[in-house]
1. For the stretch 140-324, place one equal point scatterer on every Cα, skip the solvent, and apply the Debye formula. What is log10 of I(q)/I(0) at q = 0.09 Å⁻¹?
2. Summing +1 for each Lys or Arg and -1 for each Asp or Glu, what net charge is found among the other residues whose Cβ lies under 14 Å from the Cβ of Leu297?
3. Any chance you could check the Cα centroid distance between the stretch 334-374 and the stretch 257-320 for me, in angstrom?
4. Residues with beta-carbon under 12 Å from that of Asp408, excluding Asp408: net charge, scoring Lys, Arg +1 and Asp, Glu -1?
5. Working out 0.36 nm times the residue gap between Leu227 and Gln360, then minus their Cα-Cα distance, what length gain in nm do you get to one decimal?
6. Just the accessible area per residue of the stretch 140-324, please: how many Å² with a 1.4 Å probe?
7. If amide hydrogens are placed 1.01 Å from N in the peptide plane, which non-local residues have theirs closer than 5 Å to the one on Gly394?
8. Among residues other than Leu89 whose Cβ falls under 12 Å from its Cβ, what is the net charge (Lys/Arg +1, Asp/Glu -1)?
Amino acid sequence: MRGPDEWDGRERSGGPGESPRIPSPRPAAEDHGPLPDLPPVPHRGPGPVPAPTPPHHAPAEYESDDDPVTGDDTGPPPAAPSHKVLKSLLGAWALAACSSEETAAVEAHLTDCAACAEEALRLRDAVGLLHPADSLDLDPLLRSRVLEGCLGRRPPRIPVPEWATPFDAEAAKLDALLRDMGESEWRAPVRLRWFDGREPVERDTTVAGVIGHLMAVDGMVATSLGLPDPLGPAAPEHPGPRRRTEAYWRTLGEDPDPRAPHDPWREQSQALIRTASFAGGGVAELSVPYGKFDLALRDAFLDRAFETWVHAGDIADAVDYPYKPPAAGHLHLLVDLAARLLPTTLAQRRRDGLAAPPQQLVAAGAPGRSLHLEVEGSGGGDWYIALDSPAAVGSPECAVAHLALDSDEFCQLAAGHISPEETAAGQTGEREAIREVLFATAALSRL
């Protein structure tokens, strides 16, 4: 009889003398599926009923020291990133490349750490140099290109006259700027500047006041086309930009909403374009009274385009917003209008005693003493200004002086935003003739 630890060779395959085989490991009970839940143990004795033991509870020696993962995170909040980590994120923060959590952590750190705050400012300034801020506005030429493409395929049944397109474009640009402004910006102070013939003049108003001024002066063109006068019963008896503007400003203060002029101004601008388009080319020479002088309708539309652009720039400066000049083709038409008005303005200044008398009178239509006006840059060109009589014809053969100006400089001078003495210009020839033309250009401006 053998002991329990002795092997007789019959319990497993193999004969006597063979080594016993080590049995393969048995699979765990869990490999055959979840273990059945144990029935609850009845509670005996005093005291509260203990919480039931969760199924598959592992013995204490096998439990992990890690916090359990649950749906309700009741543990302590994560520690804030260290100073070293936050400093390393300053470059990404300056480039706006941080996540929202990183951004919040960095900005909270900047309020407490002066060294990191200074470094952040330097990095942000450097990023501004590398990536200059661009205007969020669409390209002002986009509308013209889209319309040109559309009309190239299907010509308009009633086209807008060429002399009205600059006003159409500038009114649309200003309307887009006004649409983005809040009530406080409509109350922003705006300083209007012009040259009264002797010296620069300034007038303070608001954005709402500027739009009211544009609407009041556009109303002179509107009434010439048979449209209603925006001033209604408040219109002055004698027409003129200043009288009409003062009359409107007196009524503007009665309306508590500073945005009140926006819709009437936009509707009147659109009505002007529609009426001029439907009227056709026959109205181009219709006379529009401007107080002391008259303008043909085609020139009045160019005048309104120029003033709309200038005052839109005044508004953009007041609310700190970038604003671009007109398209080159439109700007050329505006510069051409100013150049064509210079002989008449020179004659008016002589009548007012503000300019020297003419030196050489000639018959109407004959060439006379002239100044060669060269406007460089976008919208520029060459013009010959008759110096002694508005009825004379400017001629290269009779040029006694040459005046060269950048297009922006010329327009700022014609708007009264810079004085003749401050104008940067190339000058050759008769100094007195050059001075007279510079002052006459500034005198084109008005309220």
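The values are calculated or read from the model by the stated rules, or taken from the named source; none is laboratory data. Nothing here was measured: the structure is a model prediction, and the numbers come from that model. A quick note on method: Cβ atoms are made from the backbone with ideal geometry, for glycine too, and the neighbour counts reach across all protein chains shown. Areas reflect the complete protein model, heavy atoms only, side chains present, ligands, DNA and RNA absent. Shrake-Rupley method; radii C 1.70, N 1.55, O 1.52, S 1.80 Å.
1. So the normalised log intensities work out to -0.33.
2. Here the charged neighbours net out to -4.
3. First find each Cα centre; the distance between them is then 26 Å.
4. -2
5. Stretched fully, the Leu227-Gln360 segment lengthens by 43.4 nm.
6. 51 Å²
7. For Gly394, the qualifying residues are Ala386.
8. Taking every Cβ under 12 Å from that of Leu89, the sum is -2.
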